[in-house]
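Each reported figure results from applying straightforward, stated rules to the coordinates on display, with no laboratory input. Please read these numbers as outputs of a predicted model, since none were measured by experiment. Glycine gets a Cβ as well: all are built from the backbone with ideal geometry, and neighbour counts include every protein chain shown.
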Amino acid sequence: MGTERITTFTRDGLVFDVHDTGPVNGTPVFLLHGFPQDSRSWDAVSPLLHARGYRTIAPDQRGYSPGARPRQRRAYRNSELTEDIVELIQVAGLGPVHLVGHDWGATVAWQVAAQRPDLLRSLTALSVPHPAAFARAMFTTSQGLKSWYMVFFQLPWLPERELSSGRSWESSLRSTGMSPEAAARDAQLMRDRGTARGALNWYRAMMFSRPRALRAKITVPTLYLWSDGDTAIGPKGAALTPRFVAGPYTYEVLKGVSHWIPDEAPEQLDALLSRHFDAARTPGN
């Protein structure tokens, strides 16, 4: 596509919505949202990147795009989520890109970097550490207790009812440090039962992941950001992550920031991304 705007892409009959903004000839930055958000979670960050000359491409991922919402849990296994983004990068035809992911989007970004480093200029993961580091932290620290909700999300229908409950779910989001504005936005998104089911299926498909694939080391220039106000992710995963990165690696801690880094600290994130992107430049890029 090159200089054409991307509004959708298709994979295996599923149609994904894409928000492609900023200078069309700018260096491409792909932004992957997490749970329970869609591409709007990047709305505070994207204009800052545009001002620096970057083009941002943010998809509504599997389960969040109305046209890409299969019902089966297996359809949300990690390999499918990863291939969705590989397909988008290839369809875009923009050459190697900077890939940034938050929360579940970070997990997908780690996997894209592990499996297709040729597609990336750099990787940035927000909040969620390398999947193998997170798995080890789950079984050796209090991370397992912080992640109690993952067990709750395995139940049938009850999690859907909770997520689509409106004010109750909005209050839950605010209790994690999310701003009232972002909580209202994201609670409204989950009022749709189909969206809620698709979002929950990311968790319900975890049992179908291949452990060996999750342990692959990262070779592209990598930035990992963790915030010390994160109620969902503890520090142990961050401490273990360097074991799984073989390329240039930078780790930054955002002080006094909650889990919702793109919404809460866009200026800090923009500055760190700009520095990371500059450092990852290579001749010809």
- [ ] Being buried (at least 19 other Cβ atoms within 10 Å of the Cβ), assigned to a helix (DSSP H, G or I) and in contact (Cβ under 8 Å) with a residue 40 or more places away in the chain narrows it down to one of Ala68, Ala133, Ala58, Ala125, so name that one.
- [x] Ala133
Open item on the list: Looking only at the range 1-13, filter to residues that are without any contact (Cβ under 8 Å) to a residue 60 or more places away in the chain and not polar (S, T, N, Q); which one of those is nearest to Pro47 (Cα to Cα)?
Closed with: Arg5
- [ ] With the condition kept exactly as written, say whether any residue in the range 187-198 is surrounded by fewer than 22 Cβ atoms within 10 Å (Cβ to Cβ), among the polar types (S, T, N, Q) and within 22 Å of Pro96 (Cα to Cα).
- [x] no
Open item on the list: For the range 16-55, give me the residue count where each residue is of a type outside the set (Val, Ile, Thr) and either surrounded by fewer than 20 Cβ atoms within 10 Å (Cβ to Cβ) or in a strand (DSSP E or B) (or both).
Closed with: 22
Open item on the list: Residue under question is Ala92, and the condition is that it be surrounded by fewer than 20 Cβ atoms within 10 Å (Cβ to Cβ), over 14 Å from the mean Cα position of the chain (by Cα) and more than 17 Å from Tyr224 (Cα to Cα); does it hold?
Closed with: no
Open item on the list: Criterion first (of a type in the set (Lys, Arg) and farther than 29 Å from Gly194 by Cα) does Arg69 satisfy it?
Closed with: no
Task: Only one of Leu200, Leu254, Leu273 that is among the aliphatic types (A, V, I, L, M), assigned to a strand (DSSP E or B) and either touching a residue at least 12 places away in the same chain (Cβ under 8 Å) or more than 20 Å from Arg116 (Cα to Cα) (or both) - done: Leu254
